[in-house]
Amino acid sequence: MPGPVETRFWLLRAAGLWRRGWASLRTRGLRASGQRLLAQLRPPQRTPLTLYRPAALPFAAFELPTSPAPLASIVIPVHGAFAHTLGCLRALAEHPPRTPFEVIVVDDASPDDSLRQLRQIGGLQLHARESNGGFIAACNDGAHLAQGEYLVFLNNDTVPQPGWLDALLDTFAQHPGTGLVGAKLVYPDGRLQEAGGVVFSDGGGWNYGRFEDPNHCRHQYLREADYLSGAAIALPRQLFAALGGFDPRYAPAYYEDTDLAFAVRAAGFRTLYQPAAVVVHDEGTTAGTDPNSGTKAAQARNRTVFLDKWRDALAQQLPPTTVPTPALLHRGRKQILLIDALTPCPDRDSGSLRMVELMRLLIDEGAHVVFLPANRSADGDYTRALQRLGVECWYAPHAARIPAWLREHGPRFHTVMVSRHYVAREFLPLLRRHAPQARVLFDTVDLHYLREQRAAALSGDAVAHRTAAGTRALELALVNAADITLVVSDVEQALLAQDAPGAQVALLSNLHRLPAPGPGPASRRDLLFVGGFRHPPNVDAVRWFVEMVFPLLRAARGDLQCHCIGGDVPAGIAALGTRPGVRIHGHIPDLQPWLDGCRIALAPLRYGAGVKGKVNQAMAHGLPVVATRCAVEGMHLHDGQDVLVADTPAAFAAAVLRLLDDDALWQGLAARGRENVARHFSVNAARNTVRRLFID
């Protein structure tokens, strides 16, 4: 039976769904609200692992699409078992990586006719050893022949899946300081073989996740690993050479890959497990699985060698009686839980961009980030993007229901941040119960009650006023219950100083990484509005601009175009696209061409709260903004210096026309807008605040 805290959670969730559903009906209509409800109620789907296997056809000569200028050198040691080698090479031929590569096959005195048949395969470099030296000798020979910047060691009893090599090598570019990357290894039947390895203090090893679901949340995010199996690993060729290659003390094989990982870390580099690189491995094909015979018999002897070499480092490892868990894998770092209603979609709304940049900043600061969406749903590429950053994402069906999940994981967290009042209302009692040690931050995203109050004042709707009053009571109760409340503007911080004087409130605004500035004004034309239309203030803003402002502009400039970009376009906004010069584009993932090509960004918001991501984004790219006073509230901007501000249709149109004609003004606003973002809304500007709130 659930306890009172769990029961309260479900009651609050039901009440919250009803309240938000009613508000959605009033603001978005029946159709849009119904679609959102169906998305909430859709049961989670288990995604099966689909594996590629080359056809088992009789051998015939073929060509590998290798490059004379490789970035990666794939070294494949071979000792018999040609059928497996053939499958591995066919996989490389049928699904070649986009990365330029070469293939070096080292035949380690195969007892069958592998060498004869390998000579019939084009595009590979074949090195034949006169006597069998084992895995270490064969790999070191292959490394000496390599020309690529990166060495990739690949067992011959593997079938690398499409995209495997690109995922391995992308890790080095995306995560500076990486020295060794290993793939996710799966058995031919689809079960997980290894998601990185754990080494215990006695030198023993643990294939993390062995025989489990390879798609489980625990195995889907980039993370540090004690070792990576040599069946599929990559590292810089110069680093491998500097370390002396695989240590011959472990010849013929076993523990050489574990030793390599310890050596890479001792040299100051990271050893990472990359789940996006999937390789099928028929474990034991060459060496067998019996520890008492064949090459496998060297495992016990080499463990002693390994213990003697790395005794000091092993003292920091888990004891051998431990069962590794995610909490223990990340035991040396502050573990931080972030909770939001949905998985962030940074190309769709500014709140999501802020959340993702916060995750990146926390990881930069050495923390381990765990993300739990309140709806327990994965969101395709958006979830995978977080996992590539190293965020441990949880979702159904692998994540238990919220109370049970927090009961299991709550004790591991140093800090928990819950975003949005309707999410925090449900979670806060559970967090106090199951994570009593954690600092609990309530992230308002923006003060919802302030936005609702302003919308009600604009519409004069009595029901909207009552709704805003209810939201205010809920939000202020959470502000007072949380350890710290986060707001995005000093205006909201000042408001809470009046409305919740005893609460601790901190300012953590939007987070942006400044790109290079875009082109100057001469090559630009037209107007740009960016904003998702699930957000009611954006709907009102576009309607007001198109109906009240744009006709004045078209009267002065008959060829002027206004481009509106944002997802979830309602019928009323779509209909505006029939008007001359108005282009309703819907969601566009890559805004760069528009940010570089349009002359002016628009922020014609008549109500709202918080800090406007559309303003920050445009300014970060060097695109000047014309905005209402509401749109630039709390952003440290000054009319005529960093931005042009106007609130009436005539004044707004006049500001746009002025900026269309004045290149010097345009360039000044562009430069000072970027300076404003760097000073107040950049990742570096927020670093000390994030460290103090989440990590210290």
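Computed from the coordinates by the stated procedures, all read-outs in this text should not be read as laboratory data. What you see is a predicted model; the values in this text were computed from it and never measured. Virtual Cβ from ideal backbone geometry, glycine too; neighbours counted across all protein chains shown.
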- Item | Over 27 Å [Cα-Cα, the range 521-680], rounded percent | 13 percent
- Query: In which sequence would 308, 282 go, from the one with the fewest C-beta neighbours within 10 Å to the one with the most?
  - Reply: 308, 282
- Is it possible to state the helix-based mean residue ellipticity at 222 nm for the chain, with each DSSP H run of 4+ residues giving -39500 (n - 2.57), the sum divided by total residues, to the nearest 500 deg cm²/dmol? What is it? -12000 deg cm²/dmol
- Two-decimal Rg/Rh across the range 111-219, once Rg and the Kirkwood Rh are taken from alpha-carbon atoms: 1.00
- Roughly how many Å is it from the Cα centre of the range 558-625 to that of the range 319-386, as a whole number? 30 Å
- Item | Long-range Cα-Cα pairs in the range 457-558 (distance over 21 Å), rounded percent | 63 percent
- Ranking 379, 107, 483 by Cβ neighbours within 10 Å, fewest first, what do you get? 483, 379, 107
- Query: Could you give me the ³J(HN,Hα) list for the range 611-617, computed from phi with Karplus coefficients 6.51, -1.76, 1.60 and θ = phi - 60°, whole Hz, x at Gly and Pro?
  - Reply: 10, 8, x, 5, 6, 4, 4
- Find the Cα radius of gyration of the range 223-284, compare it with 2.2 N^0.38 Å by division, and give the number to two decimals. 1.13
- Please work out how many pairs of lysine residues in the chain are eight or more positions apart (or on different chains) and have Cα atoms closer than 28 angstrom. 4
- Message: Cα atoms only: what Rg and Dmax, in Å, come out for the chain?
- Response: 29.2, 90
- Item | Rg ratio (alpha-carbon, reference 2.2 N^0.38 Å) - the range 331-507 | 1.06
- Selected from 238, 216, 228, residue furthest toward positive end of dipole (the range 183-253; charges at beta carbon): 238
- Item | the range 548-589: C-alpha gyration tensor shape, a/c 1.5 cut-off, then a/b vs b/c | prolate
- Message: Net charge around residue 73, counting only other residues with Cβ within less than 9 Å of its Cβ (Lys, Arg = +1; Asp, Glu = -1)?
- Response: -1
- Note on the structure: Heads up, the range 554-620 by the C-alpha gyration tensor (a ≥ b ≥ c square roots of eigenvalues; a/c under 1.5 rounded, else a/b over b/c prolate, else oblate) looks rounded
- Message: Relative contact order for the range 521-680: what percent, with Cα pairs under 8 Å and sequence separation of 6 or more?
- Response: 24 percent
- Give me 619, 359 ranked fewest to most by other Cβ atoms within 10 Å of their Cβ, as a rough exposure proxy. 359, 619
- Note on the structure: Largest first and rounded to whole Å, the semi-axes √(5λ) derived from the alpha carbon gyration tensor of the range 272-421 read 37, 19, 15
- Task: Before anything else, pin down the relative contact order of the range 331-507: Cα pairs under 8 Å, at least 6 apart, normalised by residue count, whole percent.
- Result: 18 percent
- Query: Along its principal axes, what span do the Cα atoms of the range 89-157 show, with the longest given first and each in whole Å?
  - Reply: 35, 24, 18
- Quick one: plug the Kirkwood hydrodynamic radius of the range 590-696 (C-alpha pairs) into Stokes-Einstein at 10 °C, 1.306 mPa s, and report D in µm²/s. 110 µm²/s
- Note on the structure: Dividing the mean separation of Cα pairs under 8 Å (6+ apart) by the residue count of the chain yields a relative contact order in percent of 10 percent
- Message: I need two numbers for the range 474-515: Rg to one decimal and Dmax as a whole number, Cα atoms only, in Å.
- Response: 11.7, 40
- Task: Quick one: which residues, 5+ away or cross-chain, put their amide H under 5 Å from the amide H of residue 212? H built at 1.01 Å from N.
- Result: 192
